[in-house]
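**Student:** Handing you this structure, nothing more for now.
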Amino acid sequence: MRVLDVAAVSAWSAACVHSLAVLRPAIDGINVYPVADSDTGSNLLFTMTAARDALAEAEPATTAGALAAFAKGAVAAAKGNSGVIMSQVVRGIAEAAAARELDGPGLAEALGRADRAATGAVSRPVAGTILTVLHTVAAAVRDAAGSLEEVAATAASVAAEALEETPKQLPVLAVAGVVDAGARGLVAVLDALSGVISGGVTEPEHPLEAHHHHTIDAPTAWEVMYLLDGVDEGGLSALRKTLSGLGDSVTVAGDGAGAYAVHVHCADIGAALEAGLELGRPRKIRVEPLITPTPVEVGGGIDRSVVAVVHGGPLAELLRAEGVAVLSVPHGSEPTFEEMLGLINEAAGHHVTVLPGGHRLTAAADAAAGHAMAADHDVVVIPCVSPVQVLAALAVHDKDRRTNDDVVAMAEAAAATRRGELRIAQEESLTWVGRAQAGDVVGLVDGEVVLIEPAPASETSLVAAAVGVLNRMLALGGELVTVLTGAGAPVRLPGELADQLRVEHPEVEVTSYAGGQSDAVLLMGVE
């Protein structure tokens, strides 16, 4: 049974550097900010070259020692977001080697650890990037029982296939017509590993040509990187939160020996350094202009995107099915700056229209739209206080219409949609229509309580309350009723409500969807 030994690790480090050197110009040519650093190929080559040199200098006697030296060198020299992530790939494999021999099942476990280490280092993982490809590889070899050669070959093959899917998972890649640059580097690293283990060719198996070359504008943001020593690990989450408030592409990656590589794209260099000083001792500080390419020439009339930020998983899936990029936020919480910036910056096209499904989500979207890191986009936030208004806006969206006209049409549709709610009272309260007790069904129209159905809530009382709310809303006219069911709504409630409305309002069309909201049994919109 063959296992990964010191000689193989050394050969792998050299093969990684060779492959990345060959591919560097082409990977650098995939210059699609903010998905990739402007020189991802150079950053990966720099990181892995330093890691190879650290391994050679250490002269380890064991596989675990060799991988530990390789990983420590990668973390210490990690350059760019992709370099930091790649350092964590090596670190995860090194941690697995410290616990067991790297035979076939051992390598499979190591790739799983690499996936967890890399994902854990990134403040906001993004679909369609190097992390997606790594996760796909880890899932494919999980519980593998084959030989070392078989597992390594499977990992390389799956990575190459996953790489080709990245443009389908991230709009800016699809618009630019390229794969993810960092993920291409990961494929090269796994190809090199498979080649070394099999004793075959270690040249890059998947040639890559540069697709785009961009003229460069003056930088409006910066890439800030440093190593951080003397860290209290309890403060790492606060550091990530602070950096996420300054910009995006935040990674805080450990080397397993107490040092952390910090990376952020932001407009305020001083604030990024001060955040590190509050937690430890920064060293090896590097600040480089974040080269933002001019907007990619797009085709097919795609010069703008509509994105949404909402509460509720089922609602988010409903919007994604309509081709809308969605940020789903847990109920009771707000999106971070980095999450909102990521949603905006990763959208295809220069013009981005944001549809937030609530008051607090609208405030978060407004703040991100005015952030320096979103300056390369023309961002318009359409205020919505309910998800039913988001659906109304999307119903009139027309990508072939002029941008300004389309935004106006969506804003008018959202504003014209009357909104109703059914909630279960959590405690006793005094309302305009009387006193509500805990457990009562409370009906609201545009935020005002209009009726109370005594507890306990049942399908019958919920239908009666919903019809009562809709009767008030339809008294002013309306042709379409949209209903979003909450996580706790009875399964038959939408159908029973639709049947009752056909009797009382046969002129009205009723559409129901699963919304998944936890704060309301039903959300209703009338257009």
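The values are calculated or read from the model by the stated rules, or taken from the named source; none is laboratory data. Values in this document were obtained by computation on a predicted structure and should not be read as measured data. Because the Cβ atoms are built from the backbone with ideal geometry, glycine has one as well, and the counts that use them run over all protein chains shown. Note: areas computed on protein heavy atoms with side chains; ligands, DNA, RNA excluded. Shrake-Rupley method; radii C 1.70, N 1.55, O 1.52, S 1.80 Å.
**Student:** Give me a count of the residues in segment 104-123 that are farther than 24 Å from residue 164 by Cβ and crowded, with 18+ Cβ neighbours inside 10 Å. Walk me through how you get there before you give the answer.
**Tutor:** Pass one, segment 104-123, residues farther than 24 Å from residue 164 by Cβ: 104-106, 109-110, 113, 116-117, 120-121, 123.
When the remaining residues are screened for being crowded, with 18+ Cβ neighbours inside 10 Å, the result is 104-106, 109-110, 113, 117, 121, 123.
So the count comes out to 9.
**Student:** Follow-up. So, in segment 343-388, how many residues would count as being within 19 Å of residue 328 (Cα to Cα), modelled with pLDDT of 80 or more and not aliphatic (A, V, I, L, M)?
**Tutor:** Counting residues in segment 343-388 that are within 19 Å of residue 328 (Cα to Cα), modelled with pLDDT of 80 or more and not aliphatic (A, V, I, L, M) gives 12.
**Student:** Can you run down the residue pairs with Cβ atoms below 6 Å, 6 or more apart or on separate chains, where the first is in segment 330-342 and crowded, with 23+ Cβ neighbours inside 10 Å and the partner is assigned to a loop (DSSP other than H, G, I, E, B)?
**Tutor:** 338/123; 338/124; 342/124
**Student:** Taking only pairs six or more apart or across chains, which ones have beta-carbon atoms under 6 Å, a first residue in segment 54-78 that is under 29 Å from residue 287 (Cβ atoms), and a second residue that is open to solvent by 20 Å² or more (accessible area, probe 1.4 Å) and not in a helix (DSSP H, G or I)?
**Tutor:** Every condition considered, the pairs that remain are 69/60; 72/255; 75/255.
**Student:** Quick check on my filter: what residues within segment 116-161 are of a type outside the set (A, V, I, L, M, F, W, C) and either assigned to a loop (DSSP other than H, G, I, E, B) or touching a Pro at 6+ places or on another chain (Cβ under 9 Å) (or both)? Quick ask: steps written out before the conclusion?
**Tutor:** Taking segment 116-161 and keeping what is of a type outside the set (A, V, I, L, M, F, W, C), we get 116, 119-120, 123-125, 128-129, 132, 135-136, 142-143, 146-147, 149-150, 154, 157, 161.
Correct list: 119, 123, 124, 125, 128, 129, 132, 135, 142, 143, 146, 147.
**Student:** Residue check, residue 43 against (1) open to solvent by 10 Å² or more (accessible area, probe 1.4 Å); (2) over 27 Å from residue 200 (Cβ atoms); (3) within 26 Å of the chain's Cα centre (by Cα), all met but one. Which one?
**Tutor:** That leaves (1) as the condition not met.
**Student:** So, restricting to strands (runs of 3 or more DSSP E) that lie completely within segment 480-527, which ones have at least 2 residues that are over 19 Å from residue 443 (Cβ atoms)? I'd like the intermediate steps shown before the answer.
**Tutor:** Details: elements: 480-485, 509-514, 522-526.
Qualifying strands (runs of 3 or more DSSP E): 509-514.
**Student:** Quick one: in segment 1-20, of everything that is at pLDDT 90 or above and open to solvent by 30 Å² or more (accessible area, probe 1.4 Å), which residue is nearest to residue 100 (Cα to Cα)?
**Tutor:** Across segment 1-20, the extreme among qualifying residues is 5.
Residues checked against (1) closer than 26 Å to residue 426 by Cβ; (2) hydroxyl-bearing (Ser, Thr, Tyr); (3) surrounded by 15 or more Cβ atoms within 10 Å (Cβ to Cβ):
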| site | (1), (2), (3) |
| --- | --- |
| 452 | yes, no, yes |
| 455 | yes, no, yes |
| 458 | yes, yes, no |
| 495 | no, no, no |
| 522 | yes, no, yes |
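**Student:** Check whether at least one residue in segment 435-443 is of a type outside the set (A, V, I, L, M, F, W, C), closer than 26 Å to residue 395 by Cα and at pLDDT 90 or above, and report yes or no. Reasoning before the result, please.
**Tutor:** We begin by selecting, within segment 435-443, every residue of a type outside the set (A, V, I, L, M, F, W, C); these are 435, 437, 439-440, 443.
Checking which are closer than 26 Å to residue 395 by Cα leaves us with 443.
Right, trim to at pLDDT 90 or above and you get 443.
Checking segment 435-443: at least one residue is of a type outside the set (A, V, I, L, M, F, W, C), closer than 26 Å to residue 395 by Cα and at pLDDT 90 or above.
**Student:** Only one of 221, 183 is among the small types (Gly, Ala, Ser), within 17 Å of residue 81 (Cα to Cα) and at pLDDT below 85. Can you tell me which? I'd like the intermediate steps shown before the answer.
**Tutor:** Details: 183 fails: at pLDDT below 85.
One residue alone meets the criteria, 221.
**Student:** A follow-up question, please. Could you grab me the full set of residues in segment 173-189 that are open to solvent by 10 Å² or more (accessible area, probe 1.4 Å) and either in contact with a helix residue (DSSP H, G or I) (Cβ under 6 Å, 6 or more places away or on another chain) or not small (Gly, Ala, Ser) (or both)?
**Tutor:** Matches in segment 173-189: 174, 175, 179.
**Student:** Yes or no: residue 47 polar (S, T, N, Q), in contact with an Asp or Glu (Cβ under 6 Å, 6 or more places away or on another chain) and over 28 Å from residue 374 (Cα atoms)?
**Tutor:** On the way: polar (S, T, N, Q): yes; in contact with an Asp or Glu (Cβ under 6 Å, 6 or more places away or on another chain): no; over 28 Å from residue 374 (Cα atoms): yes.
No; evaluated as a whole, the condition is false for this residue.
**Student:** With the requirement that a residue be in contact with a strand residue (DSSP E or B) (Cβ under 9 Å, 6 or more places away or on another chain), farther than 29 Å from residue 247 by Cβ and at pLDDT 90 or above, what does segment 394-410 give you?
**Tutor:** Passing the criteria: 394, 395, 397, 406.
**Student:** Taking residue 308, is it over 20 Å from residue 267 (Cα atoms) and modelled with pLDDT of 90 or more?
**Tutor:** On the way: over 20 Å from residue 267 (Cα atoms): yes; modelled with pLDDT of 90 or more: yes.
Answer is yes for this residue.
**Student:** Here's another thing I want to ask about it. Got a sec? Which of 96, 127 is open to solvent by less than 10 Å² (accessible area, probe 1.4 Å) and free of Cβ contacts under 8 Å to residues at least 60 places away in the same chain? Walk me through how you get there before you give the answer.
**Tutor:** Working: 127 fails: open to solvent by less than 10 Å² (accessible area, probe 1.4 Å).
Answer to the selection: 96.
**Student:** What are the residues in segment 411-434 that are over 29 Å from residue 479 (Cβ atoms), modelled with pLDDT of 90 or more and β-branched (Val, Ile, Thr), if any?
**Tutor:** If the condition is that a residue be over 29 Å from residue 479 (Cβ atoms), modelled with pLDDT of 90 or more and β-branched (Val, Ile, Thr), then 424 is the only one that fits.
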